[in-house]
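To start, the structure itself, in structure tokens.
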Amino acid sequence: MSEPVITIGLMQQQDQSRWDNFVNTCSDATFFHKAGWKTVIERAFGHKTWFFYAESEGEIIGVLPLAQVKSAIFGHSLSALPFCVYGGVASHSAAAKIALTNKAQELAAELKAGHLELRNREPQNPDWISKDLYVTFRKEIDPDEEKNMLAIPRKQRAMVRKGIKENLVSEIDQNVDRFFFAYSSSVHNLGTPVFSKKYFQILKDVFKDDCEILTIVQGKEVIASVLSFYFKDEVLPYYGGGTSRARAVAGNDMMYWELMRRACARGYKIFDFGRSKRGTGAFDFKKNWGFEPQQLHYEYQLHASTELPENNPLNPRYQRFIQMWRRMPLPLANFIGPFIVKNLG
């Protein structure tokens, strides 16, 4: 018998429901394969997107969301997916993966993109260029809250208990105001550009209850806040930060514990601490929580460029910029930052 014919389509508005039905049942798929990212990237950043799906006998059997980031300073890329830590092809079928990957290569050539990037959790294209810079941290949540507390290494557990003694409490926010205050303060201290407040509101509007903001307060004072995604049986803290007081009262430690505790109570099974670069404070912080790094397999194919750009804070050429950014007044940094970060992807 001949193999079923695979066709490649471009997602339209009427396809979004069946696209997400596939994503919710495909083991390869992540939160960052959801159809809503098309709206987010187009509305928040103005970038062009192509959400391709592979179809056979009327059923979607694979998806590949792509977006173009074109910048005179930071380069021209086509990737799956900018502003997302996971991506690449999600499919039940090896043939569909090949067909979708080929379609991405054709599009990259047509656009004259500098490079094509697929942000895979598992290796897909061994002959492509790869980097070992990024890892992710994922761990099971025990159904027993106390076992989760005891699973945190002793020194880090002491920081959580300090937050409890400081009378820190967690609250769920329905708007982004307190979150943005804590997040933008934290990012400014790191010396990196901030996303716009509009971006976070769009995330809430598009993903609704699957996008939740948890804020840590001491009395009425905001200490820390985190915006998390919920997908299948996982919780993914994605954007977060603390105010200048957070370190003194273990606000960030309390924030992640409260997120884990609440997720446990709701029956979630995986805590995805997210991507970090090797050799950074975030990498060390997550290891101190007892999480083990898992390599991310970002794969690149050069097209119009002869080399890959190094658009990350570890690049020595950006150190002077980072120091300057830290000294910039916060309102000015919050105004300028979105114009820069939209081109980084």
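The values are calculated or read from the model by the stated rules, or taken from the named source; none is laboratory data. Please read these numbers as outputs of a predicted model, since none were measured by experiment. Note: ideal-geometry Cβ built from the backbone for every residue, glycine included; neighbour counts use all protein chains shown. SASA here: full protein model, heavy atoms, side chains in, ligands and nucleic acids out. Shrake-Rupley method; radii C 1.70, N 1.55, O 1.52, S 1.80 Å.
Which members of the range 268-284 meet the condition of being without any contact (Cβ under 8 Å) to a residue 12 or more places away in the chain and not charged (D, E, K, R)?
If the condition is that a residue be without any contact (Cβ under 8 Å) to a residue 12 or more places away in the chain and not charged (D, E, K, R), then 281, 282 are the ones that fit.
What residue, among those in the range 133-158 that are open to solvent by 70 Å² or more (accessible area, probe 1.4 Å) and over 20 Å from the mean Cα position of the chain (by Cα), is nearest to residue 248 (Cα to Cα)? Don't jump to the end; show me each part of the working.
Step one: of the range 133-158, the residues open to solvent by 70 Å² or more (accessible area, probe 1.4 Å) are 140, 143, 145-147, 150, 154-155.
Filter again for over 20 Å from the mean Cα position of the chain (by Cα), leaving 143, 145-147, 150, 154-155.
On the way: 143: 31, 145: 25, 146: 25, 147: 26, 150: 23, 154: 19, 155: 15 Å.
Within the range 133-158, the match that is nearest to residue 248 (Cα to Cα) is 155.
Total residues in the range 115-132 satisfying the condition of being in a strand (DSSP E or B), crowded, with 17+ Cβ neighbours inside 10 Å and not polar (S, T, N, Q): the figure is 5.
Can you find a residue that is farther than 30 Å from residue 73 by Cα, part of a loop (DSSP other than H, G, I, E, B), modelled with pLDDT of 90 or more and open to solvent by 10 Å² or more (accessible area, probe 1.4 Å) anywhere in the range 268-283? Break it down into steps so the answer makes sense when it comes.
Of all residues in the range 268-283, those farther than 30 Å from residue 73 by Cα come to 268-273.
When the remaining residues are screened for being part of a loop (DSSP other than H, G, I, E, B), the result is 268-269.
Those left that are additionally modelled with pLDDT of 90 or more: 268-269.
Next, only the ones that are open to solvent by 10 Å² or more (accessible area, probe 1.4 Å) stay: 268-269.
Yes - at least one qualifying residue is present in the range 268-283.
Just to verify a result, which residue in the range 202-243, among those that are assigned to a strand (DSSP E or B) and among the acidic types (Asp, Glu), is farthest from residue 172 (Cα to Cα)?
234
For the range 168-177, does any single residue satisfy the condition of being touching a residue at least 60 places away in the same chain (Cβ under 8 Å), surrounded by fewer than 19 Cβ atoms within 10 Å (Cβ to Cβ), in a helix (DSSP H, G or I) and of a type outside the set (Val, Ile, Thr)? Checked against the condition, which is being touching a residue at least 60 places away in the same chain (Cβ under 8 Å), surrounded by fewer than 19 Cβ atoms within 10 Å (Cβ to Cβ), in a helix (DSSP H, G or I) and of a type outside the set (Val, Ile, Thr), the range 168-177 yields no hits at all. Figure legend. Inter-residue proximity from the range 248-259: first residues without any contact (Cβ under 8 Å) to a residue 40 or more places away in the chain and closer than 10 Å to residue 216 by Cα, second residues open to solvent by 10 Å² or more (accessible area, probe 1.4 Å) and in a helix (DSSP H, G or I), beta-carbon distance below 9 Å, spacing 6+ or different chains. Indicated pairs: 252/159; 252/186; 252/285. Put simply, of 141, 164, 202 the only residue that is in contact with a strand residue (DSSP E or B) (Cβ under 7 Å, 6 or more places away or on another chain) and not polar (S, T, N, Q) is 141. Whenever a residue of the range 44-58 is more than 14 Å from residue 19 (Cβ to Cβ) and in contact (Cβ under 8 Å) with a residue 12 or more places away in the chain, its partners that are among the polar types (S, T, N, Q) and open to solvent by less than 50 Å² (accessible area, probe 1.4 Å), lying with C-beta atoms within less than 8 angstrom and at least six residues away or across chains, give the pairs 44/196; 47/68; 48/68; 56/93.
Looking for something closer than 27 Å to residue 269 by Cα and either in the same structural domain as residue 70 (by the TED database) or among the charged types (D, E, K, R) (or both) - is there at least one such residue anywhere in the range 96-104? Within the range 96-104, not a single residue is closer than 27 Å to residue 269 by Cα and either in the same structural domain as residue 70 (by the TED database) or among the charged types (D, E, K, R) (or both).
Has the range 217-229 got any residue that is over 25 Å from residue 334 (Cβ atoms) and of a type outside the set (Gly, Ala, Ser)? Walk me through how you get there before you give the answer.
Of the range 217-229, the ones over 25 Å from residue 334 (Cβ atoms) are 219.
Still in the running and of a type outside the set (Gly, Ala, Ser): none.
No - not one qualifying residue is present in the range 217-229.
Just one of the numbered conditions (1) outside the structural domain of residue 113 (by the TED database); (2) in a strand (DSSP E or B); (3) open to solvent by less than 20 Å² (accessible area, probe 1.4 Å) is not true of residue 300: (1).
Scanning the range 87-107 for residues that are in contact with a His (Cβ under 8 Å, 6 or more places away or on another chain) and modelled with pLDDT under 95 turns up just one, 87.
Is it the case that some residue within the range 72-80 is open to solvent by 10 Å² or more (accessible area, probe 1.4 Å), assigned to a strand (DSSP E or B), within 24 Å of residue 234 (Cβ to Cβ) and of a type in the set (Ser, Thr, Tyr)? Outline the logic, then answer.
The initial filter retains those residues of the range 72-80 that are open to solvent by 10 Å² or more (accessible area, probe 1.4 Å), namely 72-77.
Keeping just the survivors that are assigned to a strand (DSSP E or B) gives 75-77.
Now restrict to residues that are within 24 Å of residue 234 (Cβ to Cβ): none.
No, because not a single residue in the range 72-80 is open to solvent by 10 Å² or more (accessible area, probe 1.4 Å), assigned to a strand (DSSP E or B), within 24 Å of residue 234 (Cβ to Cβ) and of a type in the set (Ser, Thr, Tyr).
Listed here are the residues, each with its yes/no results for (1) open to solvent by 10 Å² or more (accessible area, probe 1.4 Å); (2) free of Cβ contacts under 8 Å to residues at least 40 places away in the same chain; (3) of a type in the set (S, T, N, Q).
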residue: 7; (1), (2), (3): yes, no, yes
residue: 13; (1), (2), (3): yes, yes, yes
residue: 25; (1), (2), (3): yes, yes, yes
residue: 29; (1), (2), (3): no, no, no
residue: 34; (1), (2), (3): yes, no, no
residue: 39; (1), (2), (3): yes, no, yes
